[in-house]
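Enquirer: I have a structure here, written as structure tokens, and I will follow up with some questions on it.
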Amino acid sequence: MNKKMMAITLTTAMIGTMMGATAVMAEDAASSDEGKVLNIYCWNEEFKSRLTDHYPGYEEVDGTHGKIGDVDVVWNITPSDDNAYQNNLDETLLKQADAADDDKIDLFLVEADYALKYVNTDYAMPIKDLGITDDEIKDQYQYTKDVMTDSDGNLKGLSWQGCPGTMIYRRDIAKEVFGTDDPAEVQKKVTDWDSFKATSQELAGKGYQMTSSVNDTYRVFSNNVSSPWVVDGKITVDDNIKNWVDMSKEMVDASETGTAELWSDDWSKGFFTDSNVFAYFGPAWFIDFSMSADQDGSVGKDGGWAATEGPQGFYWGGTWITAATGTDNPTLVADIMRTMTTNVDVMEEIVKADNDFVNNKPAMEAMAADESYGDAVLGGQNPLAMFCAGADKIDLSNMSIYDQGCNEEFQNAMKNYFEGNATYEEALDLFNKAVVEKYPELTY
């Protein structure tokens, strides 16, 4: 990160030498006696853009191909819609052992919601088998390692990013309703869920919705549960999830929020200045990657958002780089993982170029204190101190292999209740039946 803030004196020439050395190591890795095709499986362009822009020696050929030394890089990108990415990945992994070297998966990407599905299989390779040591990753946030650790204690993937979240709100609405858009003052209005609800009512009185959808707050509640979705084979609904239901129902009935699904057109309307939506919840990637900041008429294009801690800490998402067992490019795979997740200079580039929150604790703490850094979408605000504090508090002790299915089905079922088409008990029954259909080994 910022070399001055890290109390390290590096001249431009020295930095250039270091980056040049990294490029040489990358070229050596790509030129070793290994495969000549590197197959990478992912669901969108995010990791591809990071590698294209920041991995020394990477040359882009076209939208699905690149070069590292004399190795051809092939991107297999399948969107996540309708579980298509996982289905494609699963089908290909089943053929991995018998596939020709040029067809083998070398790297694949996973998200937190379904990481354990792959971590607890032999398809994901322990990073120690790639020669990556504990000392090399000592500065990474612990939760990012917990996500990818199997039941035997083997770490099976690394991430370049951390995903602690904040509440993101419109400055102009804050000024109109509260008389200030200062994050510290706005935080006083949403310091816990009681004050959040009171402020929601205040905003409604001025014609504004607190959030675009009930689903905006869902992850904040689901990340702060006291028990997992499944206990001894039985589906359970944590009290904090029920708290979300109760608050959301009140807010929908009072027209303080809507019921649109995340990523739908109705939900996304709140990104634009002609909407009446006050706030969203999300991490760094959400702010710059998902809020339409590059589109005319969006709040973000003119720096109209700001960030504050919100009622509770949470995290959302994250992308982990996983080495596929059977890769014929282990040296290059290891170098990519090292460079993209442990090289401080590369990670600094990612923060400054992409406004990502990277997975390096001392580096992020240094940049949080760097007054020269700010996010244009947030009007120049530096939110990294909030992200740093949030990343240290993330607790994954209640994470399970059923999280993705249960979270999706619970929100789907409760929409019926919020919209008045079912009682809570009827919606809960819909949820239980949908989960058991998805996971027949469970009961309720």
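The values are calculated or read from the model by the stated rules, or taken from the named source; none is laboratory data. This structure is a prediction, so every number in the text was calculated from the model and none was measured. Reconstructed Cβ throughout: ideal geometry from the backbone, glycine too, with neighbour counts over all protein chains shown.
Enquirer: Considering E426, E371, E349, which residue is surrounded by fewer than 19 Cβ atoms within 10 Å (Cβ to Cβ), among the charged types (D, E, K, R) and within 27 Å of I235 (Cβ to Cβ)?
Expert: Working: E371 fails: within 27 Å of I235 (Cβ to Cβ); E349 fails: within 27 Å of I235 (Cβ to Cβ).
Checking each option against the conditions leaves just E426.
Enquirer: Working only within region 140-181, note down all residues that are touching a residue at least 12 places away in the same chain (Cβ under 8 Å), outside any helix (DSSP H, G or I) and either out of contact with any helix residue (DSSP H, G or I) (no Cβ under 8 Å at 6 or more places or on another chain) or of a type in the set (A, V, I, L, M, F, W, C) (or both).
Expert: V147, M148, S151, L155, L158, W160, C163, M167, I168, R170 - these are the residues of region 140-181 that are touching a residue at least 12 places away in the same chain (Cβ under 8 Å), outside any helix (DSSP H, G or I) and either out of contact with any helix residue (DSSP H, G or I) (no Cβ under 8 Å at 6 or more places or on another chain) or of a type in the set (A, V, I, L, M, F, W, C) (or both).
Enquirer: Here are A363, A324: which of them is within 21 Å of A391 (Cβ to Cβ) and either surrounded by 22 or more Cβ atoms within 10 Å (Cβ to Cβ) or not basic (K, R) (or both)? Break it down stepwise before answering.
Expert: Values: A324 fails: within 21 Å of A391 (Cβ to Cβ).
The conditions single out A363.
Enquirer: May I pose another question? Just need a number here: residues in region 45-71 that are of a type outside the set (A, V, I, L, M, F, W, C), crowded, with 17+ Cβ neighbours inside 10 Å and in a strand (DSSP E or B).
Expert: The number of residues fulfilling the criteria is 2.
Enquirer: Determine whether G131 is modelled with pLDDT of 95 or more and over 23 Å from the mean Cα position of the chain (by Cα). Before you say what the answer is, go through the steps one by one.
Expert: Values: modelled with pLDDT of 95 or more: yes; over 23 Å from the mean Cα position of the chain (by Cα): yes.
When the stated conditions are applied, G131 passes them.
Enquirer: In region 433-444, which residue that is within 27 Å of the chain's Cα centre (by Cα) and assigned to a helix (DSSP H, G or I) is surrounded by the most Cβ atoms within 10 Å (Cβ to Cβ)?
Expert: Within region 433-444, the subset within 27 Å of the chain's Cα centre (by Cα) is 434-435, 438-439.
Then keep just the ones that are assigned to a helix (DSSP H, G or I); that gives 434-435, 438.
Values: A434: 17, V435: 22, K438: 14.
Result: V435.
Enquirer: Name, by its number, the condition in (1) among the polar types (S, T, N, Q); (2) buried (at least 23 other Cβ atoms within 10 Å of the Cβ); (3) under 20 Å from the mean Cα position of the chain (by Cα) that does not hold for N355.
Expert: Status for N355: all satisfied but (2).
Enquirer: Residues G258, G318, G300: which one is buried (at least 19 other Cβ atoms within 10 Å of the Cβ), more than 30 Å from T92 (Cα to Cα), among the small types (G, A, S) and in contact (Cβ under 8 Å) with a residue 60 or more places away in the chain? Let's see the steps before the verdict.
Expert: On the way: G258 fails: in contact (Cβ under 8 Å) with a residue 60 or more places away in the chain; G318 fails: more than 30 Å from T92 (Cα to Cα).
Just a single option satisfies the conditions, and that option is G300.
Enquirer: Okay, next question. May I ask you to verify whether Y280 is modelled with pLDDT under 95 and surrounded by 18 or more Cβ atoms within 10 Å (Cβ to Cβ)? Before the answer, list the steps.
Expert: Working: modelled with pLDDT under 95: no; surrounded by 18 or more Cβ atoms within 10 Å (Cβ to Cβ): yes.
Against the criterion (modelled with pLDDT under 95 and surrounded by 18 or more Cβ atoms within 10 Å (Cβ to Cβ)), Y280 does not qualify.
Enquirer: Could you list, in sequence order, all residues of region 349-383 that are in contact with a strand residue (DSSP E or B) (Cβ under 8 Å, 6 or more places away or on another chain) and part of a helix (DSSP H, G or I)?
Expert: Here is the first cut: in region 349-383, the ones in contact with a strand residue (DSSP E or B) (Cβ under 8 Å, 6 or more places away or on another chain) are 350-351, 355-359, 364, 374-375, 377-379, 381-383.
Correct list: I350, V351, M364, V377, L378.
Enquirer: Does T273 qualify as being of a type in the set (S, T, Y) and out of contact with any strand residue (DSSP E or B) (no Cβ under 9 Å at 6 or more places or on another chain)? Explain how you work it out, then say what you get.
Expert: Details: of a type in the set (S, T, Y): yes; out of contact with any strand residue (DSSP E or B) (no Cβ under 9 Å at 6 or more places or on another chain): no.
Criteria not met by T273.
Per-residue answers, yes or no, for (1) on the phi > 0 side of the Ramachandran plot; (2) not aliphatic (A, V, I, L, M):
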| residue | (1), (2) |
| --- | --- |
| T342 | no, yes |
| E349 | no, yes |
| A376 | no, no |
| G380 | yes, yes |
| N416 | no, yes |
| E425 | no, yes |
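Enquirer: Still on this model: Which of the residues spanning region 187-208 are buried (at least 21 other Cβ atoms within 10 Å of the Cβ) and within 25 Å of the chain's Cα centre (by Cα)? Lay out the reasoning, then the answer.
Expert: Initially, region 187-208 is screened for residues buried (at least 21 other Cβ atoms within 10 Å of the Cβ), giving 190, 196, 199-200, 203.
Once the filter is applied, which keeps residues that are buried (at least 21 other Cβ atoms within 10 Å of the Cβ) and within 25 Å of the chain's Cα centre (by Cα), region 187-208 yields V190, F196.
Enquirer: Determine whether region 86-98 contains at least one residue that is in contact with a helix residue (DSSP H, G or I) (Cβ under 7 Å, 6 or more places away or on another chain) and either at pLDDT below 95 or of a type outside the set (A, V, I, L, M) (or both).
Expert: Initially, region 86-98 is screened for residues in contact with a helix residue (DSSP H, G or I) (Cβ under 7 Å, 6 or more places away or on another chain), giving 86.
Remaining after also requiring either at pLDDT below 95 or of a type outside the set (A, V, I, L, M) (or both): 86.
Looking for residues that are in contact with a helix residue (DSSP H, G or I) (Cβ under 7 Å, 6 or more places away or on another chain) and either at pLDDT below 95 or of a type outside the set (A, V, I, L, M) (or both), one finds at least one in region 86-98, hence yes.
Enquirer: Which members of region 46-69 meet the condition of being farther than 24 Å from A284 by Cβ and either of a type in the set (G, A, S) or in contact with a Gly (Cβ under 7 Å, 6 or more places away or on another chain) (or both)?
Expert: G57, E59, E60, G63, G66, I68, G69, listed by residue number.
Enquirer: Against the conditions (1) closer than 22 Å to L262 by Cβ; (2) in a helix (DSSP H, G or I); (3) touching a residue at least 12 places away in the same chain (Cβ under 8 Å); (4) of a type outside the set (S, T, Y), where does M399 fall short? Just the number, please.
Expert: Every listed condition holds for M399 apart from (2).
Enquirer: Out of (1) modelled with pLDDT under 95; (2) out of contact with any Asp or Glu (no Cβ under 6 Å at 6 or more places or on another chain); (3) not small (G, A, S), what's the single condition that is false for P362?
Expert: P362 satisfies every listed condition except (2).
Enquirer: Here is a follow-up. Starting from region 215-242, keep only residues that are in contact (Cβ under 8 Å) with a residue 24 or more places away in the chain, then list their pairs with residues that are of a type in the set (G, A, S) and assigned to a helix (DSSP H, G or I) whose Cβ atoms are within a distance under 7 Å, requiring at least 6 positions of separation or different chains.
Expert: As it stands, the answer is I241/S222, since those pairs meet every condition given.
Rundown of residues vs (1) at pLDDT 95 or above; (2) more than 19 Å from L430 (Cα to Cα); (3) assigned to a helix (DSSP H, G or I); (4) of a type outside the set (F, W, Y), yes/no style:
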residue	(1), (2), (3), (4)
D194	yes, yes, yes, yes
A198	yes, yes, yes, yes
Q201	yes, yes, yes, yes
M210	yes, yes, no, yes
Y218	yes, no, yes, no
F221	yes, yes, yes, no
I241	yes, no, yes, yes
W244	yes, no, yes, no
K249	yes, no, yes, yes
